[in-house]
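Contents: one structure, followed by commentary.
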Amino acid sequence: MGDPLTFVVTLVLRVGALLFLLRFVLQVVHASFYNPFSEGIVRLTNPVLNPLRQVLRPYRNLDFAAFLMAWVLHMIAATVYIFSAGLPIEVLAVVTDGLRATLSLVVGIFLVAIFVSIIMSWIAPSVYSPAAIIARELAEPLLAPARRILPALGGIDLSPMITIVVLMLIQSYAINAVLPCQLWCG
């Protein structure tokens with residue numbers, strides 16, 4: 001498989017993994033599924049998740065089927081990339097690299113949500129935007145504990161900075177320490 005084809009295939013697989021992880025994270029934080037953004041993600045992911053949920057049932061607000069699909073798509077993307085590079089495919093390495101990529105993407109989703117909510121609070125705090133509302137719903141469960149530790153100082157909320165630093169530490173060190181990159185770190 002040539003480089004452009006490998007790029008396109010892995011990109012499609014990663015976008016699919018992102019959709020499934022967004023579905024997983026939105027359920028974890030109890031985001032509103034009446035939001036048009038959430039409704040779109042549900043419509044796109046339901047055809048795959050509904051049959052999978054017959055075997056892998058959700059537990060409370062954890063949709064294991066959505067997480068598993070994201071993980072599987074990351075493993076397939078790693079396999080495609082490794083195969084196109086002409087390297088031998090090691091199953092354990094593909095599984096751990098797929099899990100590492102999936103967990104890293106979960107942290108990335110929260111980072112983006114925090115940045116979007118910060119930017120929207122500066123630019124247009126009173127404007128209705130479905131994406132901004134979802135970003136706030138994703139960011140708030142992480143920002144609330146940081147606000148309890150460090151309350152606003154003179155009207156300036158420092159909780160996003162603390163949360164961003166913690167998430168970046170988790171993404172850079174904790175995930176890579178537990179699941180080191182073995183073959184493909186994409």
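Every number in this text was worked out from the coordinates using simple rules, so none of it is lab data. Nothing here was measured: the structure is a model prediction, and the numbers come from that model. Note: ideal-geometry Cβ built from the backbone for every residue, glycine included; neighbour counts use all protein chains shown.
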Q. Given the conditions (1) in contact with a Leu (Cβ under 7 Å, 6 or more places away or on another chain); (2) among the small types (Gly, Ala, Ser); (3) under 23 Å from Ile134 (Cβ atoms), which single one is not true for Ser104?
A. (1)
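The rows are residues; the columns are (1) surrounded by 13 or more Cβ atoms within 10 Å (Cβ to Cβ); (2) more than 21 Å from Phe7 (Cβ to Cβ); (3) out of contact with any helix residue (DSSP H, G or I) (no Cβ under 6 Å at 6 or more places or on another chain).
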| residue | (1), (2), (3) |
| --- | --- |
| Ile41 | yes, yes, no |
| Thr45 | yes, yes, no |
| Leu49 | yes, yes, no |
| Val55 | no, yes, yes |
| Asn61 | no, yes, no |
| Ala66 | yes, yes, no |
| Ala77 | yes, no, no |
| Ile82 | yes, no, yes |
Q: Please find, within region 121-144, the residue that is farthest from the chain's Cα centre (by Cα) out of those that are within 21 Å of Leu22 (Cβ to Cβ) and outside any helix (DSSP H, G or I).
A: Tyr128
Q. Can you tell me which of Val106, Val95 is in contact (Cβ under 8 Å) with a residue 60 or more places away in the chain and of a type outside the set (Ser, Thr, Tyr)?
A. Val106
Q. Just for region 128-137: of the residues that are within 12 Å of Ala31 (Cβ to Cβ) and free of Cβ contacts under 8 Å to residues at least 60 places away in the same chain, which one is surrounded by the fewest Cβ atoms within 10 Å (Cβ to Cβ)?
A. Arg136
Q. Name the residues in region 1-42 that are in a loop (DSSP other than H, G, I, E, B) and not hydroxyl-bearing (Ser, Thr, Tyr), would you?
A. Met1, Gly2, Val29, His30, Ala31, Phe33, Asn35
Q) Got at least one residue in region 104-117 being among the aromatic types (Phe, Trp, Tyr), touching a Gly at 6+ places or on another chain (Cβ under 7 Å) and crowded, with 17+ Cβ neighbours inside 10 Å? A) no
Q: Examine region 138-156 for a residue that is in contact (Cβ under 8 Å) with a residue 40 or more places away in the chain and surrounded by fewer than 18 Cβ atoms within 10 Å (Cβ to Cβ), and state whether such a residue exists.
A: yes
Q.
Every residue in region 81-120 that is among the acidic types (Asp, Glu) and either within 30 Å of Arg147 (Cα to Cα) or in a helix (DSSP H, G or I) (or both), please.
A. Asp97
Q | Top-ranked residue of region 20-39 - restricted to ones that are closer than 20 Å to Phe110 by Cβ and hydroxyl-bearing (Ser, Thr, Tyr), ranked as surrounded by the most Cβ atoms within 10 Å (Cβ to Cβ) | A | Ser38
